[in-house]
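Contents: one structure, followed by commentary.
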Amino acid sequence: MKYIIIGEAGTGKSCLLHQFTHNAFKEHSQHTIGVEFSSRTVKLGEKRIKLQLWDTAGQERFRSVTRSYYRGAAGAILVYDITSRASFLNLSRWLADARALGSPQLVTVLVGNKSDREDDREVEWAEASRWAAENDVHFLEASSLTGDNVEAPFLLCARSILLAIESGALDPEKAGSGVSYGDRALRRVNSSSRLSFGSLSGGRRKGAVKLHLPGGSKCC
Amino acid sequence: MLPSPISRVNSSASQQPNPLSIRLYKVLAANFDDDATKAAVQTLAELYGPPGHGASKAKGKQVQRDSGGDHEELDEEDGDDKANGTVGTTRDGDKTAVSSVIETIPGEIAAKARRGLRRDVENKLAESSRRFLAAFSEVDKQLDTLQEHVGAMRTRCDEAQSQLRETNDSCRSLLDRAGSLREQRQEVSTRQSIVTAFLERFTLTSEEIEAIVSREVPVNKRFFKAMDKAERIRDDCRVLMAGEDGPTKAGVDIITKTSGYLEQAYEKIFRWCSFEFRQMGRDSSVDVHPSLREAVRRLRQRSELLTEALTTLGQTRQSTLLSSFTTALTRGGPSGLPRPIELHAHDPLRYIGDMLAWVHQAIAAEREFLEGLFGVRAEEDGRMVGAVRQFTQSEEEEWMSELMDVAVGGLCTPLKTRVQQTIRSQESSITSYKITNLLQFYMLTMQRTIGEKAALSRVLQDTTDFAYSVFYEAIGVQGRSLSAVTLDTDDTSLTPPLVILDHAQVLREILLVYESSLGDDIAFYNKNRTTERNQEQDARRREAAAEGCHSILDKMVDPAVEMCIVASETKQRLVPNWDREVFVVNVMTYLQSVLEPFAFTAEKQGFIQSLVEGRMMQLIEDHYTNVIADTGLGEIVEAWKSRKANEPLSHLPAASGTRLQAALHSFSLWLTGNTIDHPPRLAQLLVQSLATRVHRAALARLVHTYRWICDEVRKPENKYEAASTLLGSERPFGQVHLLWQIFGIDEESQESKEQEKLTF
Ligand SMILES: Nc1nc2c(ncn2[C@@H]2O[C@H](COP(=O)(O)OP(=O)(O)OP(=O)(O)O)[C@@H](O)[C@H]2O)c(=O)[nH]1
Ligand SMILES: [Mg+2]
């Protein structure tokens, strides 16, 4: 699954990602130049899902470069800084970009980063939550510093994408969907399991196969 | 509880009388002093007593017979005796009665009795003996038969024994043989287990062979296990044969056979890998099955097979990537979303950016795939591609970069063609420059990711160079076009002409692009200039940045400067009263203002500044000349300058006291006039500060001139009458410091600053 991590410069995108992939806070983080790639495999229920993570530079001058990476992303992690109102006010622009350039079923998770700095908070949880609801994106607050809630947005995003696949809205077999089943063997397993993506990709039997995720407790 | 009398009789008949007789003898032999004996004897006496005692005798006989038949009766009697203790006394009475019988012949009765008794007893004994004999003869008869049987049996037994002996004899040899056989068997089974162990160690089971050979069995754990064993067998054999005994036939056989299987195993791996690799091409999967990874690892033992298989892989990946690229370019994502990249071909930056981003992402995925295939996970998951990669030259790394090169290599040509086409079709040098920057950015990114030698890196290098050359060519053309420009002679304005404005606009945008592209780090360093190291790096980067834009500035600024100078000269010739100096300074300062926001243009700014400075000196000179003429002091100064040696100045006709008076008056008027603060010429200068500077410098010189005038007037040898009055009659009344004040110039600073510059 391909994810892009977007948001204003300095909101802590690279730190969030570093915490997610290394389980550690990235000290002395510098501005990202262009885009950086990393990956991590997560377990969602019984599934092992490889996430290809594209960390983008938030600085304006890289906008033209980073925009090209939205193409075909299945998930977007949209990051703002709860201690910076400006980073929150610009969200609409980021989201519009992502929706315009990403795949149509792009699943977006809004992350209010730096939740450890409660004292400097400039964006209330409720306000961000309302914005998220209005714009139809998931929302969480996290801290790349403490690692608090860092995995959740990625897992939440993956789960939503899987749900989209199940509902037939997303076809992983097609190029550019941002999702691919790495291993054919895995796919064979899939096609015989309840989470049968194979059957969906095989034909247009929308709704013919009733699928259910094995409970929300399995992930997130 | 006592047996019934009948049964007692029956039983007594079969019983031996011996106990009775024994008892009798015992009784007879005893000394009969005890009461019991006495009683018995008494009884006997009654039985065998003289007639008259017949009844009692008969009775006695009966009793005798009875008691003789069963001594239990006696016991009973004894019991009775004991029971009835009183009886004794009555018997004692009887005894006295018996002893009272008188014998006819002494002892005759006793003898008779004895005889009777004896007879009875003997009869009885004979009778029993007879019965005994009869019984025994019966027994004897039986015994005879028995003996016969026993005899027969003995014969048999003897026969049996002899047979047994014979058998025993013959058995012994058998047993011996059995024993030795057993030993042999033991030996054999030991050998067998050794052989089994050996076979287990040195041969493959049929299942294992099947796993290796059969096409039915997939390449899986079972296969690898069998292969491991084959390998171990071969190695063990080699070790064994390297021993003192040298190669044995069995050893050689085993090695040959096992090696054969191993070869088949490698072949099988190879076939399977090739097959899988071909599949892999079709559905661009990124996850690698552990078996495949293991297969590749093993195939390294057969480098020619590995090479061949990987070549297949490289080719499939290449064509896969190429077709995916083409799809992304021309058809886009599923159901056309995201839109095909070529849809944006009209937007060159987006077009090229999308293509390069696509390639970058393909490379990242490919790299992941290859790392999975070769089991290289040095930094486990979290490696950042952007980070500079340490190119460790392991075998895997070599393979990976080679495969990457092959896979991505297919994209080079279509990418290059499209990019070059786009570059060529650009009319705007700004876009050209943006493209160049974008290409350079990706070139650096790729170099860091896949190495400088990778085909794609080289292509990017080439296209970047090409883009640069196109861009330089474009700005070169633009610069050269300036030199052909002539200034409009009807235009009286002194502001920079439109061509310059346009040109500067392009320059500004290029510099903006330049700043943001190199900025990488500059922006960061500006923000984080805390440590010395950073400052140092900052400086170095600035230098590098300045270096990089040298040629851009040369190509953009120099022609503009030159055009300004040359064209203005031409115009000046045609329109003499056109203020060229101001125009030139205006254009130059405008160019400077364009460069100013960009720190890395400092050098060029310096160059222009020096030109401006030259013009400024000229302007100051001109302005001073104008000012001094306007003040009216000019004539005096001129006149004085024309004096002959030592001639008093007042004697010069043009500098007579009256003329001086008039000049001072007009100066005084000038001082109160309007132009003193706002000289009309300098108002044309676009940069106000320059105008001020020129004006002030001119005024400062004016002050010096005034002071000089005062000094000269006051000198006696110049023979001005009432010199002080003359000077004091008009402002500033011969007081230089007052003049400074009027001009609003700080005397001290100006004195020192302008001192050297002033020449007379
Ligand atoms: N207190 C706190 N600081 C954070 C947290 N996350 C990031 N930071 C700090 O925020 C700054 C910016 O973090 P980055 O991750 O580099 O920001 P970015 O979004 O990647 O910035 P660009 O790459 O320029 O787009 C750094 O100085 C981090 O130390 C957080 O959760 N808590
Ligand atoms: Mg970053």
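The values are calculated or read from the model by the stated rules, or taken from the named source; none is laboratory data. The shown structure was predicted, so the numbers you read here are calculated from the model rather than taken from an experiment. A quick note on method: Cβ atoms are made from the backbone with ideal geometry, for glycine too, and the neighbour counts reach across all protein chains shown. Note: areas computed on protein heavy atoms with side chains; ligands, DNA, RNA excluded. Shrake-Rupley method; radii C 1.70, N 1.55, O 1.52, S 1.80 Å.
Selection of strands (runs of 3 or more DSSP E) fully inside the stretch A:1-101 by the criterion of at least 2 residues being away from every other protein chain (no Cβ under 12 Å) and surrounded by fewer than 24 Cβ atoms within 10 Å (Cβ to Cβ) returns A:35-44. Considering the stretch B:483-502, the residues that are at pLDDT 90 or above and assigned to a helix (DSSP H, G or I) include one that is most open to solvent (accessible area, probe 1.4 Å), namely B:Leu498.
Residue check: A:Ala76 meets all listed conditions (1) among the small types (Gly, Ala, Ser); (2) in contact (Cβ under 8 Å) with a residue 60 or more places away in the chain; (3) within 8 Å of ligand 1 (Cβ to nearest atom) but one, namely (3). Does at least one position in the stretch B:601-619 carry a residue that is under 24 Å from B:Val703 (Cβ atoms), among the small types (Gly, Ala, Ser), open to solvent by 10 Å² or more (accessible area, probe 1.4 Å) and in contact (Cβ under 8 Å) with a residue 12 or more places away in the chain? No. So, in the stretch B:662-692, how many residues would count as being more than 30 Å from B:Tyr590 (Cα to Cα) and exposed (fewer than 15 other Cβ atoms within 10 Å of the Cβ)? Residues that pass the stated criteria total 4.
Each row is one residue, and each column tells you yes or no for (1) closer than 26 Å to A:Asp148 by Cα; (2) within 14 Å of ligand 2 (Cβ to nearest atom); (3) not acidic (Asp, Glu).
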{"residue": "A:His31", "(1), (2), (3)": "yes, yes, yes"}
{"residue": "A:Ala57", "(1), (2), (3)": "yes, yes, yes"}
{"residue": "A:Arg61", "(1), (2), (3)": "no, yes, yes"}
{"residue": "A:Ala74", "(1), (2), (3)": "yes, no, yes"}
{"residue": "A:Asp81", "(1), (2), (3)": "yes, yes, no"}
{"residue": "A:Pro104", "(1), (2), (3)": "no, no, yes"}
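For the stretch B:563-592, filtered to residues that are in contact with a Leu (Cβ under 9 Å, 6 or more places away or on another chain) and of a type in the set (D, E, K, R), the residue that is farthest from B:Ser689 (Cα to Cα) is B:Lys571. Can you tell me which residue in the stretch A:1-50 is nearest to ligand 1 (Cβ to nearest atom), limited to those that are among the aliphatic types (A, V, I, L, M) and at pLDDT below 90? Applying the filter and picking the extreme gives A:Ile33. Among the candidates B:Val408, B:Val419, B:Val470, the residue that is among the β-branched types (Val, Ile, Thr), free of Cβ contacts under 8 Å to residues at least 60 places away in the same chain and not assigned by TED's automatic domain parsing to the domain that holds B:Ile510 is uniquely B:Val470.
Consider the stretch B:737-750 and keep the residues that are more than 19 Å from B:Gly673 (Cα to Cα) and surrounded by 13 or more Cβ atoms within 10 Å (Cβ to Cβ). The one that is modelled with the lowest pLDDT is B:Gln750. Condition check for B:Asp558 on (1) in contact (Cβ under 8 Å) with a residue 60 or more places away in the chain; (2) open to solvent by less than 40 Å² (accessible area, probe 1.4 Å): one failure, at (2).
Just so you know, in the stretch A:108-142 the residues that are assigned to a loop (DSSP other than H, G, I, E, B) and within 16 Å of ligand 2 (Cβ to nearest atom) include one that is least open to solvent (accessible area, probe 1.4 Å), and it is A:Ala142.
Meeting the requirement of 2 or more residues that are under 60 Å from the mean Cα position of the chain (by Cα) and within 30 Å of B:Ala567 (Cβ to Cβ), the helices (runs of 4 or more DSSP H) wholly within the stretch B:577-677 are B:580-595, B:602-631.
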